[in-house]
Amino acid sequence: RKEVEQDPGPFNVPEGATVAFNCTYSNSASQSFFWYRQDCRKEPKLLMSVYSSGNEDGRFTAQLNRASQYISLLIRDSKLSDSATYLCVVNRNYGQNFVFGPGTRLSVLP
Amino acid sequence: EAQVTQNPRYLITVTGKKLTVTCSQNMNHEYMSWYRQDPGLGLRQIYYSMNVEVTDKGDVPEGYKVSRKEKRNFPLILESPSPNQTSLYFCASRVKDGYLYEQYFGPGTRLTVT
């Protein structure tokens, strides 16, 4: 089993749709959780850090369930510009080992 | 402008010819890291550094070396490249303390080893 797993995708959704991404991690000692987005052939960029109580940033909502070792990302009112690959990132310990999931590709269609 | 730079951006080389990919950041970050990205495998950490003269192995260090002589620079060295090191490489930096701070990535180096 991979240490960080994500929905395989791709997700093809119409503009305005709500889309949810799921991520599970296997290391119960993980303390830091992030969602990054990566445009084709570009560098990853931070979308959101994920806080224990969950957090929201505009159209984006992230949730963390430590008991189930599960992280989610919800995008409401999808825009064409949301088309990208979404990467779930978990740190392995209190140190600086970061583990990336394989990513889920999203295409928002007009 | 705060940024991480990598050079070269594209490189085609032959098996066994030593090469260095440079990485530099201007944000005074203590932590720097190298990743490789391959289709279906995601980004995998090669090496990371918590500060000058402090480096540690990530998940896929075989065939790579790093050094951290200055805070701003973290070069990746391939002593004897092989075709299985053909990949997209990213350098990243962040502040050391606090576990919710983001990593800033360089633009990537696309390496092909023939």
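Throughout, read-outs are computed from the coordinates displayed, never taken from laboratory work. Computed from a predicted model, the values in this text were never measured in an experiment. Ideal geometry is used to build each Cβ from the backbone, glycine not excepted, and the neighbour counts take in all protein chains shown.
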The residues B:Cys91, B:Cys23, A:Cys40, sorted from fewest to most surrounding Cβ atoms within 10 Å, come out as A:Cys40, B:Cys23, B:Cys91
Karplus 3J(HN,Hα) series, Hz, for segment A:76-89 with 6.51 cos²θ - 1.76 cosθ + 1.60 (x for Gly, Pro): 9, 6, 3, 10, 4, 6, 7, 4, 4, 9, 9, 10, 8, 10
Mean separation of Cα contacts under 8 Å, 6 or more apart, over the residue count of chain B: relative contact order %: 36 percent
Using the Cβ atoms and a cut-off under 15 Å, what net charge is assigned to the surroundings of A:Leu74, where Lys and Arg are +1 and Asp and Glu are -1? -1
Where Rh is the Kirkwood radius over the Cα pairs of chain B, the temperature 10 °C and the viscosity 1.306 mPa s, what D in µm²/s does Stokes-Einstein return? 113 µm²/s
How would A:Arg37, A:Arg105, A:Arg1 line up from fewest to most surrounding beta-carbon atoms within 10 angstrom? A:Arg1, A:Arg105, A:Arg37
By the rule of another cysteine's Cβ lying under 4.7 Å, the cysteines of the protein assembly as shown that fail to get a partner are A:Cys40
Spherically averaged projected area of chain A from its Cα convex hull (nm²): 6.7 nm²
Give me the percent of Cα-Cα pairs in the protein assembly as shown that sit more than 21 Å apart, rounded to a whole number. 55 percent
Neighbouring Cβ atoms within 10 Å as the yardstick, rank A:Met48, B:Met32 fewest first. A:Met48, B:Met32
